[in-house]
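Remarks on the structure that follows.
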Amino acid sequence: MPGAIYAEGLVKTFGDVRALDGVDFDVPEGTVLGLLGPNGAGKTTAVRVLTTLLRADSGRAEVAGLDVATQPNEVRRAIGLSGQFAAVDDYLTGRENLQMVGQLYQLPAREAKARAGDLLERFNLADAGDRTARTYSGGMRRRLDLAASLVVSPPVMFMDEPTTGLDPHNRQALWELIKELVAGGTTLLLTTQYLEEADHLADTIAVVDHGQVIARGTSDELKTRSGGDVIELVVHDRERIPEAQDILRRLGEGEPGLVAHTRRLTVPATGGAKLLAEVIRELDGRAIEIDDIGLRRPTLDDVFISLTGHSAEFDELNGAGNGNGGRDGGRDDGREKPPRGPDPGRPDPGSPGPGRTGEGPVRDDGREGGAA
Amino acid sequence: MSIDTRRAPSPPPAPAGGRITLRQNLRDSLVVAKRNLLRMLRIPETVVFGLIQPIMFVVLFAYVFGGSISIPGAGLSASAYREFLMGGIFAQTVTFATAGAAAGIAEDMQKGIIDRFRSLPMARGAVLTGRTFADLAQTAVILVVLAVVAFLVGWRIHDGPLSALAAFGLLLLLGYAFTWIGALIGLSVRTPEAATSGGLVWLFPLTFISVAFVPSENMPGWLQPVAEWNPFSATVLAVRDLFGNLPPDYRAPDVWPMQHPALASVLWSVLIIAIFRTLAVRKYQRATG
Ligand SMILES: Nc1ncnc2c1ncn2[C@@H]1O[C@H](COP(=O)(O)OP(=O)(O)OP(=O)(O)O)[C@@H](O)[C@H]1O
Ligand SMILES: [Mg+2]
């Protein structure tokens, strides 16, 4: 039996852009799926399709056992949505906003009013409840929007980057709230750019890039695939980068990644501190000056490097991954794709000559374009 | 500030599913209408500008053109023209609600709030219907203010309160019908600014090539049937008749809508609502998914 959120082969195109390119997932009831991906990956598009805001070109999706395409209104009764951008009315007060949403969820007026008051308290907006939302700070708007998504307690929740714009304290509080909801049986699909967040909240993580799920699993599984800990260092002298790369290639456990304009190199290093010491000794021996070096837990970027061979944000990166992203480079779907990582050993195309900072055509989603 | 998770009120369950009834449609529309009226109260500029234009028209036509436009049955009389004029101004004013509805809906479609509405189990079209209800209320307020101004320049109700109420009823119905044209315009353009212009430009030819300001008898022969069959003209003539603002010897042009203006006015308005509401609701659904 399919789970509370079920998608099969979802495709959505906007002109040339394949925002969703065959997305599948199946989220069992009472669990959290974290959609993790860089800007433009298709996270919001997936949420919009599942919440009936957008119709997929093809594929099928069910929420709470209801088909989003043919039973949109039934689906809407079963979901709560907090979108990427706060969907509140600026000229209504916080209270009026929540009351309106309650009434449109078909609560009787009196109940909607009581519920609005409770939610304002709960989201610590009671003091601001009778001010128009346009006077709210970014984080307050965000909280009002989250409150609106919880006016009734729907069995399935969607939150698109819910903690973006929240201060650490409120982020922590929201995490607690989410855990409480899930403990109460709510199924949640949450998108995030932060591995840490997905790590903390999600039972399963689906890594999305270019409209496809390129990896899925628990956060531990993903981190293992990305090689565990990472050594990260900044080379002082741009000309010495290739030498430092050689060292990392030799000592590290994978192909080193490079962000050229910050002269930052990374390499998977399950060997931890011992390996770090070795790298430092070697660099020292060759008198390669470094500005910064450290050992850290893998981040979204590292997961990306290992999965796709390119960085989430910087495509001048030349780390060659294991290329298990499931994307075939020869496919022509009209969308510009960044180049896959070069073969190990091939001269590094992004290798900086002095002054080259890897400018290139920038696509609308902020990533650098390359020929497919 | 933090989100206090200890005091978790138990949320009410979502009501059972099922088809959306007419009753729910009306209720949702009223909820959205309330929201739009609150917005109008908090952005009163739009209502104020909505008043300035008709008042300007009253003054301009009454005092600038007044003495130079002849009325069948009264000739060149400035005071007769002022009485004659008001039906036209009232009718033109209610149609300006088109621009307000168009701009409001274009703005909603642009803003995040539309995603909130669309993710809620509310009646389809209630976002649009609610807006048209709010515009109807605004139009009613504007009509009252305008009637006071008209009274000050010499316009009077001659046929008693009941027919006057019927006249205001026809005006509100026409205004309501035109907000559905506005809704469709608002859904067809990308910005509220474009919606405002798109809601206004065609109103000028429509209201001027009618019996609103100049009797059709004064127009070139080929233009007369256009003016007389203009949906707008029927309402204008009907309210003039109901307010008792026609000269005693006035003879309406010999075409069906001019001979039965009140009935024609109702039929036109109902037809406009039927067509444009259908188109707008369909477009809303398509534009949003
Ligand atoms: N309405 C639209 N018209 C055209 N292109 C669109 C539209 N919506 C999304 N796209 C494109 O689809 C792709 C996926 O967008 P989407 O908003 O789903 O990304 P995302 O993963 O949510 O990114 P972010 O992290 O920046 O929010 C992008 O390339 C975007 O430009
Ligand atoms: Mg997004």
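The values are calculated or read from the model by the stated rules, or taken from the named source; none is laboratory data. All of these numbers come straight from a predicted model, not from anything done at the bench. Quick reminder, even Gly has a Cβ in these numbers, built from the backbone with ideal geometry, and neighbours come from all protein chains shown.
Give the residue that is nearest to A:VAL17 (Cα to Cα), with candidates limited to residues of segment A:198-220 that are surrounded by fewer than 21 Cβ atoms within 10 Å (Cβ to Cβ) and out of contact with any strand residue (DSSP E or B) (no Cβ under 7 Å at 6 or more places or on another chain).
A:ASP199
Would you pick out the residues in segment A:80-95 that are surrounded by 21 or more Cβ atoms within 10 Å (Cβ to Cβ), more than 16 Å from ligand 1 (Cβ to nearest atom) and either at the interface with chain B (Cβ under 7 Å from one of its Cβ atoms) or part of a loop (DSSP other than H, G, I, E, B) (or both)?
Hits for segment A:80-95 are A:VAL88, A:ASP89, A:LEU92.
Would you confirm whether or not segment B:72-82 contains a residue that is under 20 Å from B:ILE142 (Cα atoms) and either of a type outside the set (Ser, Thr, Tyr) or out of contact with any strand residue (DSSP E or B) (no Cβ under 6 Å at 6 or more places or on another chain) (or both)? Show your work before the answer.
First pass over segment B:72-82, keeping only residues under 20 Å from B:ILE142 (Cα atoms): B:82.
Applying the additional criterion that residues be either of a type outside the set (Ser, Thr, Tyr) or out of contact with any strand residue (DSSP E or B) (no Cβ under 6 Å at 6 or more places or on another chain) (or both) yields B:82.
For segment B:72-82, residues under 20 Å from B:ILE142 (Cα atoms) and either of a type outside the set (Ser, Thr, Tyr) or out of contact with any strand residue (DSSP E or B) (no Cβ under 6 Å at 6 or more places or on another chain) (or both): present.
Could you figure out which of (1) surrounded by 21 or more Cβ atoms within 10 Å (Cβ to Cβ); (2) within 16 Å of ligand 2 (Cβ to nearest atom); (3) at pLDDT below 95 isn't true of A:THR52?
Checking A:THR52 against (1) surrounded by 21 or more Cβ atoms within 10 Å (Cβ to Cβ); (2) within 16 Å of ligand 2 (Cβ to nearest atom); (3) at pLDDT below 95, the one that fails is (2).
Might you let me know whether segment A:3-19 holds any residue that is within 13 Å of ligand 2 (Cβ to nearest atom), away from chain B (no Cβ under 14 Å) and not in a loop (DSSP other than H, G, I, E, B)?
So far as segment A:3-19 goes, yes, one or more of its residues are within 13 Å of ligand 2 (Cβ to nearest atom), away from chain B (no Cβ under 14 Å) and not in a loop (DSSP other than H, G, I, E, B).
Being surrounded by fewer than 22 Cβ atoms within 10 Å (Cβ to Cβ), over 26 Å from the mean Cα position of the chain (by Cα), at the interface with chain B (Cβ under 9 Å from one of its Cβ atoms) and away from ligand 2 (no atom under 16 Å from the Cβ) is true for just one of A:ASP127, A:ASP167. Which residue is that? Walk me through it before giving the result.
Working: A:ASP167 fails: over 26 Å from the mean Cα position of the chain (by Cα).
The match here is A:ASP127.
Can you tell me which residues in segment B:33-64 are touching a Leu at 6+ places or on another chain (Cβ under 8 Å) and within 11 Å of chain A (Cβ to nearest Cβ)? Talk me through it step by step, then tell me what you get.
Within segment B:33-64, the subset touching a Leu at 6+ places or on another chain (Cβ under 8 Å) is B:35, B:38-39, B:51, B:54-55, B:58, B:61-62.
Once the filter is applied, which keeps residues that are touching a Leu at 6+ places or on another chain (Cβ under 8 Å) and within 11 Å of chain A (Cβ to nearest Cβ), segment B:33-64 yields B:ARG35, B:LEU38, B:ARG39.
From the residues in segment A:64-79 that are hydrophobic (A, V, I, L, M, F, W, C) and in a strand (DSSP E or B), which one is farthest from ligand 2 (Cβ to nearest atom)?
The residue in question is A:LEU66.
Would you pick out the residues in segment A:183-234 that are at pLDDT 85 or above, within 16 Å of ligand 2 (Cβ to nearest atom) and not polar (S, T, N, Q)?
A:LEU189, A:LEU190, A:GLU197, A:ALA198, A:ALA206, A:VAL207, A:VAL208, A:ASP209, A:HIS210, A:GLY211, A:VAL213
Looking at A:LEU54, A:LEU35, A:LEU104, can you tell me which residue is in contact (Cβ under 8 Å) with a residue 60 or more places away in the chain and assigned by TED's automatic domain parsing to the domain that holds A:GLU197?
Result of the check over A:LEU54, A:LEU35, A:LEU104: A:LEU35.
Considering only segment A:250-270, state which residues are surrounded by 15 or more Cβ atoms within 10 Å (Cβ to Cβ) and closer than 15 Å to A:ARG286 by Cβ.
Passing the criteria: A:LEU251, A:LEU265.
Among the listed residues B:LEU174, B:LEU187, B:LEU120, which satisfies the condition of being surrounded by 23 or more Cβ atoms within 10 Å (Cβ to Cβ), in contact (Cβ under 8 Å) with a residue 40 or more places away in the chain and more than 29 Å from B:LEU242 (Cα to Cα)? Don't jump to the end; show me each part of the working.
On the way: B:LEU174 fails: more than 29 Å from B:LEU242 (Cα to Cα); B:LEU120 fails: in contact (Cβ under 8 Å) with a residue 40 or more places away in the chain.
From the options B:LEU174, B:LEU187, B:LEU120, the qualifying one is B:LEU187.
Listed here are the residues, each with its yes/no results for (1) within 14 Å of chain A (Cβ to nearest Cβ); (2) touching a helix residue (DSSP H, G or I) at 6+ places or on another chain (Cβ under 6 Å).
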residue: B:GLN92; (1), (2): no, yes
residue: B:GLY100; (1), (2): no, yes
residue: B:ASP108; (1), (2): yes, yes
residue: B:LYS111; (1), (2): yes, no
residue: B:VAL127; (1), (2): yes, yes
residue: B:THR132; (1), (2): no, yes
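With respect to A:GLY42, is the statement that it is away from ligand 1 (no atom under 16 Å from the Cβ), within 20 Å of B:GLY112 (Cβ to Cβ), among the small types (Gly, Ala, Ser) and crowded, with 24+ Cβ neighbours inside 10 Å true? Break it down into steps so the answer makes sense when it comes.
On the way: away from ligand 1 (no atom under 16 Å from the Cβ): no; within 20 Å of B:GLY112 (Cβ to Cβ): yes; among the small types (Gly, Ala, Ser): yes; crowded, with 24+ Cβ neighbours inside 10 Å: yes.
No.
Here is a list: B:GLY67, B:GLY73, B:GLY87. Which entry is away from chain A (no Cβ under 14 Å) and in a loop (DSSP other than H, G, I, E, B)? Reasoning before the result, please.
On the way: B:GLY67 fails: in a loop (DSSP other than H, G, I, E, B); B:GLY87 fails: in a loop (DSSP other than H, G, I, E, B).
Testing whether each residue is away from chain A (no Cβ under 14 Å) and in a loop (DSSP other than H, G, I, E, B) leaves just B:GLY73.
Looking at (1) assigned to a strand (DSSP E or B); (2) over 28 Å from A:ALA183 (Cβ atoms), which is the one condition that is false for A:ALA61?
All conditions pass for A:ALA61, except number (2).
What tally of residues in segment A:22-42 results from selecting those that are within 16 Å of ligand 2 (Cβ to nearest atom) and either within 14 Å of chain B (Cβ to nearest Cβ) or more than 14 Å from A:ARG216 (Cβ to Cβ) (or both)? Break it down stepwise before answering.
Residues of segment A:22-42 that are within 16 Å of ligand 2 (Cβ to nearest atom), as a first pass: A:23, A:33-42.
Filter once more, keeping what is either within 14 Å of chain B (Cβ to nearest Cβ) or more than 14 Å from A:ARG216 (Cβ to Cβ) (or both): A:38-40, A:42.
Counting residues in segment A:22-42 that are within 16 Å of ligand 2 (Cβ to nearest atom) and either within 14 Å of chain B (Cβ to nearest Cβ) or more than 14 Å from A:ARG216 (Cβ to Cβ) (or both) gives 4.
Considering only segment A:182-202, how many residues are touching a Ser or Thr at 6+ places or on another chain (Cβ under 7 Å) and acidic (Asp, Glu)?
2
Quickly run through segment A:101-122 and pick out the residues that are assigned to a helix (DSSP H, G or I), hydrophobic (A, V, I, L, M, F, W, C) and at the interface with chain B (Cβ under 7 Å from one of its Cβ atoms).
The first filter runs over segment A:101-122 and keeps only residues assigned to a helix (DSSP H, G or I), leaving A:101-104, A:109-122.
Cutting the leftovers down to hydrophobic (A, V, I, L, M, F, W, C) gives us A:101, A:104, A:109, A:112, A:114, A:116, A:119-120.
Selection gives A:VAL101, A:LEU104.
If you check A:ALA198, A:ALA173, which single one turns out to be within 12 Å of the chain's Cα centre (by Cα), part of a helix (DSSP H, G or I) and aliphatic (A, V, I, L, M)? Write out each step before concluding.
Working: A:ALA173 fails: within 12 Å of the chain's Cα centre (by Cα).
The unique qualifying residue is A:ALA198.
Give me the pairs, please: first residue somewhere in segment A:143-166 and on the phi > 0 side of the Ramachandran plot and assigned to a loop (DSSP other than H, G, I, E, B), second residue anywhere and surrounded by fewer than 22 Cβ atoms within 10 Å (Cβ to Cβ) and small (Gly, Ala, Ser), beta-carbon distance under 7 Å, and either six or more positions apart or on two chains.
Once the first residue is on the phi > 0 side of the Ramachandran plot and assigned to a loop (DSSP other than H, G, I, E, B) and sits in segment A:143-166, its partners that are surrounded by fewer than 22 Cβ atoms within 10 Å (Cβ to Cβ) and small (Gly, Ala, Ser) give A:GLY165/A:GLY138; A:GLY165/A:GLY139.
Step by step: first the residues of segment B:238-283, then only those that are assigned to a helix (DSSP H, G or I) and in contact with a Gly (Cβ under 7 Å, 6 or more places away or on another chain), then the one that is nearest to B:ALA101 (Cα to Cα). Which residue is that?
B:VAL281
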